[in-house]
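Student: The structure that follows is given in the form of structure tokens.
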Amino acid sequence: MNAGDELPPLDIPITRTLIVAGAVASRDYQDVHHDAELAREKGSPDIFMNILTTNGLVGRYITDHFGPGAVLRKVAIRLGAPNHPGDTMTLTGTVTEVDGPTVRVRVVGANRLGHHVTGTVTVTLPERAGRGAP
């Protein structure tokens, strides 16, 4: 693995259920994450995903790629365009740094409106049996 390596993209269909379940699971009961009528009253065309759900999906993307032994050390993300029901968010990643077992990945999640999430994830990979760090 080297800086510049790209992770395969991951398409995530954004459903109403995903948005509401993510909000409830993270105890984010703000109406804009579960009540379409109230979200529209506040200027949104529909409910939208909360940052904690996005954070979890970014973590899943990284651990799905690097495996169950990977440990997320830092997830630094910023939200942009909202994820609404019916969108598809495509996560992509580029390795920016490799320092022994520590890898930094630049992550972008885009939908039809633009970048939903951008950020950097620092992950520690397990040592390979008998071969030292990756």
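The values are calculated or read from the model by the stated rules, or taken from the named source; none is laboratory data. Model, not experiment: these values are computed from the prediction. With ideal geometry, Cβ positions are generated from the backbone for all residues, glycine too; neighbour counts draw on all protein chains shown. These accessible areas exclude ligands, DNA and RNA; they are computed on the full protein's heavy atoms, side chains included. Shrake-Rupley method; radii C 1.70, N 1.55, O 1.52, S 1.80 Å.
Student: Considering Cα pairs under 8 angstrom that are at least six residues apart, work out the relative contact order of the range 21-73 and quote it in whole percent.
Tutor: 28
Student: Per residue, how many Å² of accessible area does the range 32-134 show with a 1.4 Å probe?
Tutor: Result: 51 Å² per residue.
Student: Is the shape of the range 28-89 best called rounded, prolate or oblate, per the rule: a/c under 1.5 gives rounded, else a/b larger than b/c gives prolate, else oblate, with a ≥ b ≥ c the square roots of the Cα gyration tensor eigenvalues?
Tutor: Prolate.
Student: To the nearest 10 degrees, how steep is helix 51-66 against the longest Cα principal axis of the chain, on a 0 to 90 scale?
Tutor: 30
Student: Give me the percent relative contact order of the range 55-134, please, defined on Cα pairs under 8 angstrom at least 6 residues apart.
Tutor: 32
Student: Could you tell me how far the Cα centroid of the range 78-93 sits from the Cα centroid of the range 101-123, in Å?
Tutor: 11
Student: Right, something else. Measure off, as a whole percent, the carbon and sulfur share of the 1.4 Å-probe accessible area of the chain, all protein chains present.
Tutor: Its accessible area is 51 percent carbon and sulfur atoms.
Student: How about the range 42-117: which trypsin sites (Lys or Arg not before Pro) there are in a DSSP loop, with at most 16 other Cβ atoms within 10 Å of their Cβ?
Tutor: For trypsin sites (Lys or Arg not before Pro) across the range 42-117 that sit outside H, G, I, E and B with at most 16 neighbouring Cβ atoms in 10 Å, the list reads 42, 112.
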